[in-house]
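Data first, discussion second: the structure below is written as structure tokens.
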Ligand code: NAD
């Protein structure tokens, strides 16, 4: 049997565990929705049914939030070293089931195994990194004033709602949940309705790793009922959200009555700036990697290619040649780079931009079509050229393997174009002139800038965006600033005398 056939057989085998449905996971138990309703998850590979999924609603969230409040009391009182041990056990559980996670993620989301195998292991790394930080989570500072010492200590904020999107859902869930647990918070997780399978595996692994009951709860369902209730629930103290900017805005409104703290990782329209003095071979590889890997369904994808005028034609040809040589196919074929987009609705949105590009007067230098001989949501890797920054294809997040190339005149023009969007998540910069790199990196309106490299993540470094791309930072100690409250305790030094107001 070929590796491809073996992958398909194994995926089918792993899927069998869901033949009675993908359950919610509340208070340490797998449960159907309280009202007994379900929704279907289909595969974008062939549009066939994969499993029915418990459709949690308000009452399921209420149950989960109450369990999380009880779980919080036990978990937050536990010593950091004990939490560290359990979080490492979760990482071990992920590694042990990495193939199962990767294969199910591929058929549920359409992401290729090439990338999902690594994403499952990245999830384990997220748990290991934050496991070791659990020990220091409560640490604070001591701040001296004459006659007084201030001591700060951090406390977990309480039960937290975690709402995640469908792009690389397993890895992203671990990215939000691991620091919450390390801080001492309990969680209620509402995964995206398009990709529910691996969230259930993660909850199973966590509960088997010895987490006390109620610390990790999972409620599947739609944004407008389960998601909304989570953001409004009085027992939930904060919402960690990854998704679209417009949903972030809704969540902020929904959370207003309960003064919910919110952390937002939202959309992007990230520029990659390529100057004539760059190493063009490397820059082209990075540009191609950052837009076509993960099907372009990636918040940090470099979806606007800004190229210095003098090399614009040449560089666009380099990118188009590479794009035309990328294999699109079944996500479980080990050769596949680009799999199908997550859902027919999303595919329709991405395809609509091909018409938009033509109507706006841009040229299609590569791709621009649905893949003809495949049944699922397969779209060709696409490059739009002869574009300018006022076009919709340059301003709106398409969230697929679609790149818009725009020429610029000089440094000033490059920065002006790069910053002229509502988003500000990431920026990429290619030049061999160090002075220029520093100056431009400093001027880009973005939470993260990579100079002469693709996005390479370092867990202690801050991750997050500005403008419509988000509020707050993840990574390192920044995560704890969101999941924890700081208390200041002030001690008077010996000999302190309070002022006397009476005579
Ligand atoms: P989405 O906003 O449609 O959905 C995300 C989640 O929010 C889902 O679980 C959904 O059910 C839930 N939701 C929807 N309406 C809600 C409501 N009213 N109240 C509470 N929850 C609600 O996003 P998506 O289409 O699943 O994901 C793609 C988006 O995510 C893109 O915009 C992408 O850029 C963004 N993203 C950002 C980052 C980042 O780090 N900045 C990372 C990954 C994805």
Query raised in the report: What about residue 313, is it under 23 Å from residue 114 (Cα atoms), at pLDDT 95 or above and surrounded by fewer than 23 Cβ atoms within 10 Å (Cβ to Cβ)?
Result: no
**Report entry** Only listed residue being modelled with pLDDT of 95 or more and assigned to a loop (DSSP other than H, G, I, E, B), chosen from 139, 132, 62, 92
**Finding:** 139
Query raised in the report: Just checking, which of 166, 175 is within 10 Å of the ligand (Cβ to nearest atom), at pLDDT 95 or above and more than 21 Å from residue 37 (Cβ to Cβ)?
Result: 175
Query raised in the report: Looking at residue 223, is it at pLDDT 95 or above, assigned by TED's automatic domain parsing to the domain that holds residue 59, buried (at least 23 other Cβ atoms within 10 Å of the Cβ) and within 16 Å of the ligand (Cβ to nearest atom)?
Result: no
**Report entry** Residues that are more than 13 Å from the ligand (Cβ to nearest atom) and touching a strand residue (DSSP E or B) at 6+ places or on another chain (Cβ under 7 Å), drawn from the stretch 187-217
**Finding:** 187, 197, 200, 203, 206, 207, 216, 217
Query raised in the report: Can we say residue 234 is in a loop (DSSP other than H, G, I, E, B), within 14 Å of the ligand (Cβ to nearest atom) and touching a residue at least 24 places away in the same chain (Cβ under 8 Å)?
Result: no
Report summary line: Note on residue 224: of the conditions (1) closer than 30 Å to residue 401 by Cβ; (2) in contact (Cβ under 8 Å) with a residue 12 or more places away in the chain, unmet is (2)
Query raised in the report: So is residue 77 at pLDDT 95 or above and under 16 Å from residue 226 (Cβ atoms) or not?
Result: no
Query raised in the report: How about the stretch 142-156: which of its residues are more than 24 Å from residue 179 (Cβ to Cβ) and part of a strand (DSSP E or B)?
Result: 142, 143, 144, 145, 148, 149, 150
**Report entry** Residue among 132, 139 that is surrounded by fewer than 15 Cβ atoms within 10 Å (Cβ to Cβ) and in contact with a helix residue (DSSP H, G or I) (Cβ under 7 Å, 6 or more places away or on another chain)
**Finding:** 132
Query - Pick from the stretch 237-259, criterion near the ligand (Cβ under 10 Å from one of its atoms) and in a loop (DSSP other than H, G, I, E, B), ranking: farthest from residue 181 (Cα to Cα) - result: 244
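The values are calculated or read from the model by the stated rules, or taken from the named source; none is laboratory data. Everything numeric here is computed off the predicted structure, so don't read it as measured data. All Cβ positions, glycine included, derive from the backbone under ideal geometry; neighbour counts span all protein chains shown.
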